[in-house]
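To start, the structure itself, in structure tokens.
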Amino acid sequence: MSFLTTLASAFKGGGGTQRVPVSRGFVSPWSTLAPSAFEAAPQAPPYDYGAAVREAYLANPIAQRAVRIVAEGVGGAPLACDHPALARLIAGSAGTTPLLEVLAAQLSLHGNAFVQIIKDAAGTPVDLFPLRPERVKVVPGADGWPAAYHYRVGADTIALAVEDEGGWPNIVHLRAFHPADDHYGAGCLAAAHQAVAVHNAASAWNRALLDNAARPSGALVYRDGDGAEMTGDQFDRLKAELAAAYQGAGNAGRPMLLEGGLSWQSMALSPADMDFAALKAAAARDIALAFGVPPMLLGLPGDNTYANFREAGRALWRLTLLPLAARILDGLTHGLAPWFEGAALAVDQDRVPALAEDREALWARVSAADFLTDAEKRDLLGVKP
């Protein structure tokens with residue numbers, strides 16, 4: 001009996017009750033957005049994960065830094081494992097990037113992470129390879145539960161079975177919670193997509209202002225005492241001279257020579273233009289909120305309710321890194337349980353510098369509890385007897 005069959009039998013409880021069917025529809029969080037997701041823009045284009053990654057992680061400094069803080073924090077977290085072989089397997093690198101860092105980034109961006117279990121001739125796991133989540137599609141069975149996975153690379157599709165011929169797992173699927181999808185998780189990038197678009201648009205607007213001397217170009221007013229108007233050739237020549245000699249950051253502050261009844265009327269920034277800085281800062285805070293990173297750690301002005309960086313770092317670990325690391329480690333431990341039965345894998349909080357004060361306070365309180373035995377104190381502190 002395979003591991004998944006045994007697991008299914010455990011859920012059945014031995015009474016013959018079958019699992020309820022789940023949806024077999026391909027409702028991917030990155031393939032489309034519900035019309036109600038953006039009430040102000042009901043005609044919003046479909047959400048493209050690849051384009052969103054390019055706009056956010058590759059082109060937006062706030063989103064990239066937020067993802068890197070989360071991914072590198074999970075990837076560099078000290079681990080406590082009671083099985084040396086499992087510890088070596090988890091510590092393996094996906095290319096040149098630590099496995100846990102890749103999985104944390106995939107869960108943050110996409111909401112799903114697929115890990116292929118590479119085995120030797122004897123069927124023993126020798127490596128864990130993270131698959132690109134946007135290339136993987138769940139193939140449901142008759143009851144809607146996953147029966148296989150399709151990995152698409154260009155025009156080629158590779159079928160990956162849930163189990164091998166011996167009934168051992170081939171794929172470990174880690175997913176964030178999605179309330180409207182039975183097969184796929186919801187990533188943070190989908191929630192931050194609109195804030196990223198606003199932040200990028202504000203940056204492009206500011207760049208355009210810098211290219212035009214950081215202020216509106218103003219207006220050239222033509223006044224002729226005879227009431228005549230500029231000819232078409234004169235108008236075209238004036239526009240060409242302005243573009244060549246006065247437009248752009250390199251020509252900022254250059255004096256202008258006017259002739260023939262022309263006068264320059266300066267125009268100030270409107271309140272809407274001045275509000276772009278506040279709009280950009282608000283969008284940046286929304287991006288940080290979506291990825292669970294305190295704005296203070298990203299150097300964002302405003303909304304810094306933490307007393308200092310130490311409190312912000314502690315909140316990051318408590319609210320974001322530890323829950324995400326626990327989800328990844330628990331999923332890997334569960335998927336590899338047939339080979340490492342009873343193995344425990346978790347973050348060693350005693351070795352996390354940001355949590356040192358919390359652990360010190362806990363140790364002091366437990367040590368001062370005279371009514372507890374030494375065994376009970378060790379159990380409360382998570383120390384093995």
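The values are calculated or read from the model by the stated rules, or taken from the named source; none is laboratory data. As the structure is a prediction and not an experimental result, all values here were calculated from the model. Here Cβ is always computed from backbone atoms with ideal geometry, including for glycine, and neighbour counts include all displayed protein chains. When the accessible area is computed, the model is the full protein with side chains, heavy atoms only, and any ligands, DNA or RNA have been set aside. Shrake-Rupley method; radii C 1.70, N 1.55, O 1.52, S 1.80 Å.
Restricting to the stretch 132-150, and then to whatever is within 26 Å of I90 (Cβ to Cβ) and touching a residue at least 40 places away in the same chain (Cβ under 8 Å), can you tell me which residue is surrounded by the most Cβ atoms within 10 Å (Cβ to Cβ)? Once the filter is applied, the top-ranked residue is V138. Can you tell me which residues in the stretch 151-165 are surrounded by 14 or more Cβ atoms within 10 Å (Cβ to Cβ) and assigned to a strand (DSSP E or B)? Within the stretch 151-165, Y151, L160, E163 qualify.
Could you tell me whether any residue of the stretch 178-189 is surrounded by fewer than 17 Cβ atoms within 10 Å (Cβ to Cβ), free of Cβ contacts under 8 Å to residues at least 60 places away in the same chain, out of contact with any helix residue (DSSP H, G or I) (no Cβ under 7 Å at 6 or more places or on another chain) and of a type in the set (D, E)? It would help to see each step written out before you state the result.
Initial filter on the stretch 178-189 (surrounded by fewer than 17 Cβ atoms within 10 Å (Cβ to Cβ)): 179-180, 182.
With free of Cβ contacts under 8 Å to residues at least 60 places away in the same chain added as a condition, the list becomes 179.
Filter again for out of contact with any helix residue (DSSP H, G or I) (no Cβ under 7 Å at 6 or more places or on another chain), leaving 179.
Of the ones still in play, those that are also of a type in the set (D, E) are none.
The answer is no; no qualifying residue exists.
Filtering L355, L372 for residues that are assigned to a helix (DSSP H, G or I), modelled with pLDDT under 90 and open to solvent by less than 70 Å² (accessible area, probe 1.4 Å) leaves a single hit, L355. Of all the numbered requirements in (1) buried (at least 20 other Cβ atoms within 10 Å of the Cβ); (2) in contact (Cβ under 8 Å) with a residue 60 or more places away in the chain; (3) in contact with a Lys or Arg (Cβ under 9 Å, 6 or more places away or on another chain); (4) not charged (D, E, K, R), W168 misses one, and that requirement is (1). Applying the criterion of being under 13 Å from L100 (Cβ atoms) and aliphatic (A, V, I, L, M) to the residues of the stretch 323-337, the residue that is most open to solvent (accessible area, probe 1.4 Å) is A326.
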